[in-house]
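> Could you have a look at this structure, given as structure tokens, before my questions?
None of the figures in this text is laboratory data; all of them are computed from the coordinates on show. All values derive from a computational prediction rather than experimental measurement. Because the Cβ atoms are built from the backbone with ideal geometry, glycine has one as well, and the counts that use them run over all protein chains shown.
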Amino acid sequence: MNMELPPELLELMEALIKTDDITLMDGTKVSPEKALQESLASLGTHYTHLSDWPADFKLVNVWKHRYLMLTVLERARKLKEKGMPVVASFMVFPELIFGCGASFVSVMPCIMEMLLAGNFSLQQEGHRFASFESCPGEPMIALWVKDGTIPADLVIYGTSFGGDIPCINNLLRQWPEIPLHYVDVPYNGKGKPWALDYVAEQLHKLAERLGRTAGKQPSNEDIRKGIRMMNDIRRTYREYVDIVSSAKTPPIAGMENFLVTMSIWESGDPVALKCVNEQVIKEIRERVEKGIPGAGVVENPIKIYMCEKMPAPPAFSFVEKLGGILLGPEVADSFYLGVEDVDEKGDPYEAIAQWYLEKWPWSPGVPLEDRTRWIIDSVKKYNPDGVLFTGVWGCQLDPQFGRYVADSIKKELGIPCLLTTMEDIPVEVGLDGKFNIKGDLRTRIEGFMEMLDARRKKEGSS
């Protein structure tokens, strides 16, 4: 590398170059050295807040997840140059997108633009353009499609979990030429044959539109290939969660866990994600066998499961300084934990429709009681001391049923929940110029941690 690296990064580079390459979906191989170089390239020029939070320089393969996160847009541009359609999507029907020979960009580049580059003005501009009622990242996707930052041929939204109605309505009114394809998933449609047929029919139309963009209509076997790609990713994540959740002291810190789990929201390259997941699984398994904890994680920490979404990055190291660790979040776990794979043998359109209508816990088609049951089972899997509950469900902000879910967890598992809200600007700038967790949330988390610690000590002495 041309830039002079500090000792910890030099040590990381020496360890990283001994690991395997990353294989991308177009067959390209990315060396570990190149992945680190490209990840660090924007550190001093654009993502200036990337170094605000501690990093585990010993857990080398997670740096490949950093690479996948930080290079989403650049890789999408290269795929488009090679003739592959690029879709802007809130993680909506990726099986179908891959099966049609396309890739997608989701919300994470927008989130990183805010939290790593500090560009919150872009978010506010997106709200003015689309809707002030929208999920924080969603208007930015539309804005970046409009100005070409996201090289999208098509924008796909789906009811609630992948596009709230106010945002979509405003987009259609203010930007009628938007290449928008909306998929309507009926509320409480689980178990209703008409709803399943309705969604499957819409997926056929979506595949036809993607096929026209790609210049080739997909076969059923093409769609099944896309299903297998996503199922392969789900299996790696289940193995990963098995390792992390079963360890008394997790082998990975909260921020690194976040990078791994939330990469599923950027599985615009399913081949690359499966590749790096398998590599990090091997590494954390070895850590567990040797009793090596995540960087900054105390022995037998207070475990907190992130229900719904997650707080801003400063919260991870803040909780660890208080003797805890944040695990999850649900927004990622909902794609693979405690859910069946998408059927790979039958009608592929019906299989995808059924999964997103009836089996995905975040689907508007799933009744609240079923989703709450899934949350309780997921919390059991992690066996945490407490739950940090951010009051959202998909793109529905501050839903009234947040209290119901939290009370259900407390009633069945005896685990307390801290209910928070999702804010557009979730950080504050410290005197050192670095992003910190906001004062009000910091105070609430401190009190919550003290309570959990006291409960643990009381239960240990009884």
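> Taking Cα atoms of the range 177-310, Rg/Rh with Kirkwood Rh, to two decimals?
So for the range 177-310, dividing Rg by the Kirkwood Rh gives 1.09.
> Let me ask something additional. Per-residue HN-Hα couplings for the range 303-310, Karplus 6.51 cos²θ - 1.76 cosθ + 1.60 at θ = phi - 60°, whole Hz, x for Gly and Pro?
Here the 3J(HN,Hα) series is 8, 10, 8, 8, 8, 6, 10, 9 Hz.
> Mind sorting Leu419, Leu10, Leu115, Leu326 by how few other Cβ atoms lie within 10 Å of their own Cβ, fewest first? Each step should come with its number before you reach the end.
Values: Leu419 17, Leu10 13, Leu115 22, Leu326 26.
Neighbour counts put them in this order, fewest first: Leu10, Leu419, Leu115, Leu326.
> Where Lys and Arg each count +1 and Asp and Glu each count -1, what net charge lies around Glu256 among other residues with Cβ under 13 Å from its Cβ?
Net local charge, Glu256 excluded: +1.
> Counting other Cβ atoms within 10 Å, keep those with at most 12, restrict to DSSP loop, and tell me which trypsin sites (Lys or Arg not before Pro) in the range 81-180 are left.
Values: sites: Lys82, Arg128, Lys146, Arg173; in loops: Lys82.
Counting only loop positions with at most 12 other Cβ atoms within 10 Å, the trypsin sites (Lys or Arg not before Pro) in the range 81-180 are Lys82.
> Find the relative contact order for the chain and round it to a whole percent, using C-alpha pairs within less than 8 Å whose residues are 6+ positions apart.
Taking the mean separation of contacting Cα pairs over the length of the chain, I get 17 percent.
> What does the charge dipole of the range 306-360 about its Cα centre add up to, to the nearest 20 debye, if the Cβ of each Lys and Arg holds +1 and the Cβ of each Asp and Glu holds -1?
440
> Reported to two decimal places, what Rg/Rh ratio describes the range 277-339 when computed on Cα atoms with Rh from the Kirkwood expression?
My calculation of the ratio gives 1.00.
> Across every pair of different alpha-carbon atoms, what Kirkwood hydrodynamic radius in Å does the chain reach?
It is 22.6 Å.
> Nothing charged except the Cβ atoms of Lys and Arg (+1) and of Asp and Glu (-1): what's the magnitude of the dipole of the chain about its Cα centre? Round to the nearest 20 debye.
420
> Can you tell me which lysines have their Cα less than 28 Å from the Cα of Lys457? Leave out same-chain residues fewer than eight positions away.
Counting by Cα, and skipping residues close in sequence, Lys457 has these lysines nearby: Lys248, Lys290, Lys303, Lys321, Lys380, Lys381, Lys410, Lys411.
> What nm value, rounded to one decimal, do you get for the distance between Arg77 and Glu38 when each label is placed 7 Å out toward the C-beta?
The answer from the label model is 1.2 nm.
> As an exercise, use a Förster radius of 51 Å and the Cβ-Cβ distance of Met451 and Lys282 to find the FRET efficiency, rounded to the nearest 0.05. Display every interim value, and only then the final one.
Numbers: r = 37 Å, r/R0 = 0.73.
My answer for the efficiency is 0.85.
> Let me ask something else about it. Mean projection of the alpha-carbon convex hull of the range 7-229 over all orientations, in nm²?
Approximately 14.1 nm², given one-decimal rounding.
> Same structure again: With a point put 7 Å past each Cα toward its Cβ, work out how far Arg442 is from Thr28 in nm, to one decimal.
4.1
> While we're looking at this one, here's another question. For Glu358, Glu308, Glu208, what ranking results if the residue with the fewest other Cβ atoms within 10 Å of its Cβ goes first?
Glu208, Glu358, Glu308
> Tell me which GluC sites (Glu not before Pro) from the range 271-300 have a DSSP coil assignment and no more than 14 other beta carbons within 10 Å of their own.
The qualifying sites are Glu299.
> Tell me what the chain gives for mean residue ellipticity at 222 nm when only DSSP H runs of n ≥ 4 count, each as -39,500 (n - 2.57), the sum divided by the residue total, rounded to 500 deg cm²/dmol. Before the final figure, lay out each step's value.
Numbers: 19 runs with 230 residues, N = 462.
Counting only the DSSP helices, I get -15500 deg cm²/dmol.
> With 10 angstrom as the radius, rank Ile281, Ile425 by how many other C-beta atoms surround their C-beta, starting from the fewest.
The most exposed by this proxy come first: Ile425, Ile281.
> Kindly list the residues of the range 404-426 that lie in the label zone of Glu459, defined by a backbone N under 17 Å from the point 7 Å along the Cα-to-C-beta vector.
Once the point is set 7 Å along Cα→Cβ of Glu459, 407-418 turn out to lie under 17 Å by backbone N, inside the range 404-426.
> Something else about it: For Asp341, what is the net charge nearby, where nearby means another residue's Cβ is under 13 Å from its Cβ and Lys, Arg count +1, Asp, Glu -1?
Net charge in that neighbourhood comes out at +2.
> List the trypsin sites (Lys or Arg not before Pro) within the range 4-71 that fall in a DSSP loop (any state other than H, G, I, E or B) and whose Cβ has at most 12 other Cβ atoms within 10 Å.
Lys18
> Suppose each label sits 7 Å from its Cα in the direction of the beta carbon; what would the Lys58-Trp194 distance come out to in nanometres?
Once both label points are built, they end up 6.0 nm from each other.
> Right, here's the next one. Report the antiparallel proportion of the DSSP beta bridges in the range 295-461 as a percent, rounded to a multiple of 5.
Antiparallel bridges make up about 30 percent of those DSSP assigns within the range 295-461.
> Residue separation times 0.36 nm, minus the C-alpha to C-alpha distance between Asn300 and Lys205: what's the value?
Values: separation 95, 0.36 × 95 = 34.20 nm, distance 5.13 nm.
Stretched out fully, the Asn300 to Lys205 stretch lengthens by 29.1 nm.
> Another one. Quick check for the range 7-229: number of Lys pairs with alpha-carbon distance under 22 Å, counting only pairs 8 or more apart or on different chains?
28
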